[in-house]
Amino acid sequence: MKILALENDLPDVKPEDFKPLLADEAMHVWNLYQSGVIREIYFRQDRSTAVHLLECENIREAKEILNTLPLV
């Protein structure tokens, strides 16, 4: 099943709060992409958010996988 995941920033979190996690986040996303779980990655020009297309059994599995990302 294809799952579309849209990043949402929390209103009380500042960009400098998550900067220390960006390298780990990128590596983790890359590993999920290499394994075929994340099929496509998109970024928006008008915001600093990402869009991921995942291949999972169901929404529960997608949530479990996304919860392993450092920024989640």
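What follows draws every value from the coordinates through simple rules; no lab data is involved. Not measured: the values here are computed from a predicted model. All Cβ positions, even for glycine, are placed from backbone atoms using ideal geometry, and neighbour counts span all protein chains on display.
Helix 22-34 and the longest principal axis of the Cα set of the chain meet at an angle near 10°.
The phi torsions of the range 6-21, fed into the Karplus equation with coefficients 6.51, -1.76 and 1.60 and a -60° offset, translate into couplings of 10, 6, 10, 7, 7, x, 8, 9, 8, x, 5, 5, 9, 4, x, 9 Hz, rounded to whole numbers, with Gly and Pro shown as x. Phi-derived couplings, Karplus 6.51 cos²θ - 1.76 cosθ + 1.60 at θ = phi - 60°, listed residue by residue for the range 40-55: 9, 10, 10, 10, 9, 7, 7, 8, 9, 10, 10, 10, 10, 10, 10, 10 Hz, with x used for Gly and Pro. What the phi angles of the range 56-72 give under the Karplus curve with 6.51, -1.76 and 1.60, with θ = phi - 60°, is a coupling list of 9, 5, 7, 5, 4, 5, 4, 4, 4, 5, 5, 5, 7, 6, x, 7, 7 Hz, glycine and proline written as x.
Report the far tail of the P(r) of the range 19-72, meaning the percent of Cα-Cα pairs longer than 19 Å.
25
Take the Cα of Lys2, step 7 Å toward its Cβ, do the same at Ala23, and the gap between the two points is 3.5 nm. Counted by Cβ distance under 14 Å from Thr49, the other residues give a net charge of -2, where Lys and Arg count +1 and Asp and Glu count -1.
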